[in-house]
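Enquirer: Here it is, the structure, as structure tokens.
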């Protein structure tokens with residue numbers, strides 16, 4: 001059985017920086033569309049809101065290709081940008097880098 005180290009997770013969240021590549025943790029749902037699993041989405045941090053413990057992630061091309069086109073249409077109709085997402089810092093982990101096949105380097 002895998003154990004998750006919460007202390008290390010919180011330390012990692014506090015060290016996130018602009019331009020870092022991040023991966024969304026397993027079991028994370030879209031904050032605006034409950035029930036939509038966004039586990040393993042990847043992208044780059046564009047903005048950090050320390051006061052609210054949030055980060056703005058620009059999703060990478062590999063992730064964008066995974067999103068259903070009908071859902072992209074719905075997101076756009078609802079006034080959201082489907083290429084970006086605000087998440088809590090502790091919902092992501094920093095990864096060293098990702099190639100075009102979404103593999104960690």
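The values are calculated or read from the model by the stated rules, or taken from the named source; none is laboratory data. Predicted model only: the values in this text are computed from it and were never measured. Positions of Cβ are generated from backbone atoms using ideal geometry, with glycine treated the same way; all protein chains shown enter the neighbour counts.
Enquirer: Conditions first: (1) over 12 Å from the mean Cα position of the chain (by Cα); (2) at pLDDT 95 or above; (3) surrounded by fewer than 17 Cβ atoms within 10 Å (Cβ to Cβ). Residue 40 passes all but one, so which condition is the exception?
Expert: Condition (1) is where residue 40 drops out.
Enquirer: Identify the residue in the range 54-68 that is at pLDDT 95 or above and outside any strand (DSSP E or B) and, among all such residues, is farthest from residue 88 (Cα to Cα).
Expert: Within the range 54-68, the match that is farthest from residue 88 (Cα to Cα) is 65.
Enquirer: Between a residue in the range 16-28 that is free of Cβ contacts under 8 Å to residues at least 24 places away in the same chain and any residue that is assigned to a loop (DSSP other than H, G, I, E, B), which pairs come within a Cβ distance under 8 Å, given they are 6 or more apart or on different chains?
Expert: Filtered contacts from the range 16-28: 26/39; 26/40; 27/39.
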